[in-house]
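*Asks:* I am attaching a structure below and will ask some questions about it afterwards.
The values are calculated or read from the model by the stated rules, or taken from the named source; none is laboratory data. Fair warning: this is a prediction, and the values are worked out from it, not measured in the lab. In this analysis, Cβ positions are derived from the backbone assuming ideal geometry, glycine residues included, and neighbour counts consider all displayed protein chains. All accessible areas refer to the heavy atoms of the entire protein, side chains included, with ligands and DNA or RNA removed. Shrake-Rupley method; radii C 1.70, N 1.55, O 1.52, S 1.80 Å.
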Amino acid sequence: MSTTPSTSPSGSARVAVKVLLSLFCGAALLFGSALTYMFARGIVPGLRTHLWRESSCRIVESRVAQGPSGSRSHPFRFEVLYRYELGGQTYESRVYTPGYTGSDQVSEAQSPADRYPPGSSALCYVDPAAPQNACLERPSQWIALVVLLPLIFVAVGLGGIAAIWWPRRAKEEGRKAISERATMQVAAGCMVGFLALLLLAGIATSLFFVRPALAGFTARSWPEVPCVVLSSEVRGPHQTAGRGGPTFNVDILYEYDVNGRTYRSNRYEFLGGSSSGYNAKAAIVAKNPPGTRRTCFVNPADPKDAVLTRSFGTGYLSVLLPFVFAAVGIAGIILMFRSRRRTG
């Protein structure tokens, strides 16, 4: 009389755990692969310029252009025209750097305009295979390190799936099987990987928030300079991926003089970017119509760097958010290793 083999409760539970862990690792693998493709697609064209030939060029035109009012997120753009020769033929290009779309700060667009005034000589980089393609500046090679972040997700996904379904040979009852201890180790490894990513994301994000906060402290010693408002408006709405609604930002362009030279800036506060809430921003713009005379604060080391207000508002509380993610990540990792030590 034959009997039909049945799956034991412990075996069913083990398979269920393996499936759940595989789903988690598969999601990490898909997310990391998609993010790696997006980053590489945007970075690789710029990195190719490091293989281009260096050539001397002459700056023909150079200026800061301001886009029209509306929802454009980068209203100020450095525009340039330069000529260069290659193989006895003269070419022209207007490319400043690959992927450049402008800036939301006029001072950031003014910096390259000062470096490349009309009539000056400069070095440009020319594609030897297509000499009509050239750029004035190349992206930093360090930007390639950005691709390493999504590759961590890929490594966690592939490593987790491999550890779950292709374990090392186990000499237990003469067959291959993943032990409960191995299953727990895989689960712990996935959790540590997730917490490590949370920690890295918190640290990386904090750099974008800490910098304006530190600039606000530094600006406490900047001298006060009279300025006049040239234009003021609320820019937006901006539709940002991952946010529930439209965002807006204050854009007040003002002019001031330092050492006999006129400068322009549109930085209202150091905590830039856009956020929700139109009415509060419209109230700020209403208090600063064109022609209003105010006092701005100017960086003595770089007169292009100025700000209208250096006070800390409630928006600066967002600086604490990345540290919460980082703290959760580091605390979770410490607890995981302590638990592992207690259980031997």
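*Asks:* Where the second residue is among the polar types (S, T, N, Q) and in a helix (DSSP H, G or I) and the first is under 11 Å from Tyr125 (Cβ atoms) and lies in the range 44-62, which pairs have Cβ atoms under 8 Å and are six or more apart or on separate chains?
*Replies:* If the second residue must be among the polar types (S, T, N, Q) and in a helix (DSSP H, G or I), the pairs left are His50/Gln141.
*Asks:* Right, next: Ala16: open to solvent by less than 90 Å² (accessible area, probe 1.4 Å), small (Gly, Ala, Ser) and either farther than 19 Å from Tyr96 by Cα or out of contact with any strand residue (DSSP E or B) (no Cβ under 8 Å at 6 or more places or on another chain) (or both), yes or no?
*Replies:* On the way: open to solvent by less than 90 Å² (accessible area, probe 1.4 Å): yes; small (Gly, Ala, Ser): yes; either farther than 19 Å from Tyr96 by Cα or out of contact with any strand residue (DSSP E or B) (no Cβ under 8 Å at 6 or more places or on another chain) (or both): yes.
Yes, satisfied.
*Asks:* Now a separate question. From the residues in the range 73-89 that are open to solvent by 50 Å² or more (accessible area, probe 1.4 Å) and in contact with a Lys or Arg (Cβ under 6 Å, 6 or more places away or on another chain), which one is nearest to Pro128 (Cα to Cα)?
*Replies:* Among them, the one singled out is Arg83.
*Asks:* Mind checking which residues of the range 20-72 are surrounded by 12 or more Cβ atoms within 10 Å (Cβ to Cβ), of a type in the set (D, E, K, R) and either modelled with pLDDT under 90 or in contact with a helix residue (DSSP H, G or I) (Cβ under 8 Å, 6 or more places away or on another chain) (or both)?
*Replies:* Once the filter is applied, which keeps residues that are surrounded by 12 or more Cβ atoms within 10 Å (Cβ to Cβ), of a type in the set (D, E, K, R) and either modelled with pLDDT under 90 or in contact with a helix residue (DSSP H, G or I) (Cβ under 8 Å, 6 or more places away or on another chain) (or both), the range 20-72 yields Arg63, Arg72.
Let's see how each residue does on (1) at pLDDT 90 or above; (2) among the acidic types (Asp, Glu); (3) surrounded by 13 or more Cβ atoms within 10 Å (Cβ to Cβ); (4) on the phi > 0 side of the Ramachandran plot:
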position	(1), (2), (3), (4)
Met191	no, no, yes, no
Leu195	no, no, yes, no
Ala201	no, no, yes, no
Leu207	no, no, no, no
Glu224	yes, yes, no, no
Gly242	no, no, no, yes
Val258	yes, no, yes, no
Phe270	no, no, yes, no
Ser275	no, no, yes, no
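*Asks:* Does the range 148-158 contain at least one residue that is surrounded by fewer than 18 Cβ atoms within 10 Å (Cβ to Cβ), at pLDDT below 95 and touching a His at 6+ places or on another chain (Cβ under 8 Å)?
*Replies:* No; the residues of the range 148-158 include none that is surrounded by fewer than 18 Cβ atoms within 10 Å (Cβ to Cβ), at pLDDT below 95 and touching a His at 6+ places or on another chain (Cβ under 8 Å).
*Asks:* Looking only at the range 292-344, count every residue that is at pLDDT below 65, open to solvent by 40 Å² or more (accessible area, probe 1.4 Å) and of a type in the set (A, V, I, L, M) and tell me the total.
*Replies:* Here the count works out to 2.
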